[in-house]
Amino acid sequence: MTNTIDNFQTIGNKIYDPGGKEFILKGLNIFAWEGISNVDSYLNNWGFNTIRVPNYLLGGFEQPHPELDDYITNHRIVDAYTSQGAVVIFSAHDLIGGYYEGDDWEVLQDYWRDMAQEFKDNPNVWFNLQNEPGNATPNPQWVAYHRELIDIIRNEGANNLIIVDGESWGQDKYTRTLENSALEVMENNENILFSLHVYEQWNHDNDDLGAYFDSLHNLRIPIIVGEYGSYKGGQNTLAASTKMMKTAQSREIGRAVWVGKANDNNDLTTGPGGDAEHFDTTNPEILTGLGQLVWDDLNRAEDLDQLSGSENPPASELTPEGSFGVMFLGIFGVMFLGILLYKRFSIIQTVFGTQEYCLTSRFLKPIQDFLTLLSLRRS
């Protein structure tokens, strides 16, 4: 029997689709002005399973706020891509390296309230709260800022997957915000996914991106690479992308390349504008180094888990095939351990204050994931 869920869901470090199958994101960033002109190219020629779309709320790059056409453009993109099974991620793309404040903050809140209302019934639409927030200095508002936006979306009845970017222009190299604070964002929130962008900050050989991924996974923080490319900040970043690809593949971490068409030196082909649409699978000679890296990845076979009672359950499932009695004892044993841990760290709170917030998350998150998997296997 195959277990199904009504939405994409994060369990531990993995994402599962509504059919209960593990989902490894292999995506492409495109701009909304592109519309739906290249759906066939991106989904069928290339084979991407995800499209990430920036929305500009403050008039940047002469792009109108999507509410000006009653979100019709966004709906057209969603209908065209999700009808073929792809995921569409929308990202608030203004104020890179900073935060929305004052009137701009109100605009951002209203946007996510609207987006939740518009797309809460489509699990293939994910919400990336803000693209590349914060600079190289960690900002203490990062947690509360994103938790407030999450609350706005959830209060509209939307349980879509929500993505939160790390700081340091999304690369998190200098801030380690995901490692230090992601658990606080996850506290009492479900289906939260975190994103790292891999560009020039990760260019050097002595920067161990794999070790950072492992640190996040050890904390049970689900992570994707929301952007990677071949050029950023005046530097060639293909070395960083190549390193990322190797480390992400072996850890089943999703990744989305920048960009389908933009004339910003992140070219996927040598065709006009470097645009991805010129590749039709019969002309691999036009692929750039970045394009070849992406094409090889899209043709890579993945060993995907399935939430089911089949003979090959996911390795992340801690419960073996066994009797109801074993499962019964397991559930109550874990619950008892959770209570003990919670009480122990509640005592710590009286001494160390807010440290308990993260400590309980670190210990109780694996238990929550364990019980979620048990419930899926019983359903």
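The values are calculated or read from the model by the stated rules, or taken from the named source; none is laboratory data. Every value quoted in this text rests on a predicted model; they were computed, and no experiment measured them. Because the Cβ atoms are built from the backbone with ideal geometry, glycine has one as well, and the counts that use them run over all protein chains shown.
Values computed for the structure shown
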{"read-out": "Counted residues, region 30-46 - those being in contact (Cβ under 8 Å) with a residue 40 or more places away in the chain and either β-branched (Val, Ile, Thr) or in a helix (DSSP H, G or I) (or both)", "value": "10"}
{"read-out": "Residue list for region 93-138, restricted to those being of a type in the set (Ser, Thr, Tyr) and touching a Gly at 6+ places or on another chain (Cβ under 9 Å)", "value": "TYR99"}
{"read-out": "Count of residues meeting criterion [farther than 13 Å from ILE223 by Cβ, of a type in the set (S, T, N, Q) and more than 14 Å from the chain's Cα centre (by Cα)] in region 145-182", "value": "6"}
{"read-out": "Hey, GLU179 closer than 25 Å to LEU95 by Cα, surrounded by fewer than 19 Cβ atoms within 10 Å (Cβ to Cβ) and either touching a strand residue (DSSP E or B) at 6+ places or on another chain (Cβ under 6 Å) or assigned by TED's automatic domain parsing to the domain that holds VAL225 (or both) or not", "value": "yes"}
{"read-out": "Condition check for ARG176: of a type in the set (D, E, K, R) and closer than 22 Å to GLY12 by Cβ", "value": "yes"}
{"read-out": "Only one of SER195, SER181 that is hydroxyl-bearing (Ser, Thr, Tyr) and within 24 Å of GLY27 (Cα to Cα)", "value": "SER195"}
{"read-out": "All positions within region 146-163 that are in a strand (DSSP E or B) and touching a helix residue (DSSP H, G or I) at 6+ places or on another chain (Cβ under 8 Å)", "value": "ILE162"}
{"read-out": "Residue in region 74-97 that is part of a helix (DSSP H, G or I), modelled with pLDDT under 95 and surrounded by fewer than 17 Cβ atoms within 10 Å (Cβ to Cβ) present", "value": "no"}
{"read-out": "Candidate set: region 215-231, residues that are of a type outside the set (Gly, Ala, Ser) and more than 23 Å from VAL257 (Cβ to Cβ); chosen: the one surrounded by the fewest Cβ atoms within 10 Å (Cβ to Cβ)", "value": "ASN218"}
{"read-out": "Flag if ALA158 is at pLDDT 95 or above, surrounded by 21 or more Cβ atoms within 10 Å (Cβ to Cβ) and either in contact with a strand residue (DSSP E or B) (Cβ under 9 Å, 6 or more places away or on another chain) or not charged (D, E, K, R) (or both)", "value": "yes"}
{"read-out": "Verdict on TYR111 being assigned to a helix (DSSP H, G or I), at pLDDT 95 or above, touching a His at 6+ places or on another chain (Cβ under 9 Å) and under 23 Å from MET186 (Cα atoms)", "value": "yes"}
{"read-out": "Selection status of THR242, buried (at least 19 other Cβ atoms within 10 Å of the Cβ), touching a residue at least 12 places away in the same chain (Cβ under 8 Å) and more than 15 Å from the chain's Cα centre (by Cα)", "value": "no"}
{"read-out": "Flag for LEU28 being in contact with a Lys or Arg (Cβ under 9 Å, 6 or more places away or on another chain), hydrophobic (A, V, I, L, M, F, W, C) and under 29 Å from TYR99 (Cα atoms)", "value": "yes"}
{"read-out": "Of residues in region 47-73 being touching a residue at least 24 places away in the same chain (Cβ under 8 Å) and aliphatic (A, V, I, L, M), the one surrounded by the fewest Cβ atoms within 10 Å (Cβ to Cβ)", "value": "LEU58"}
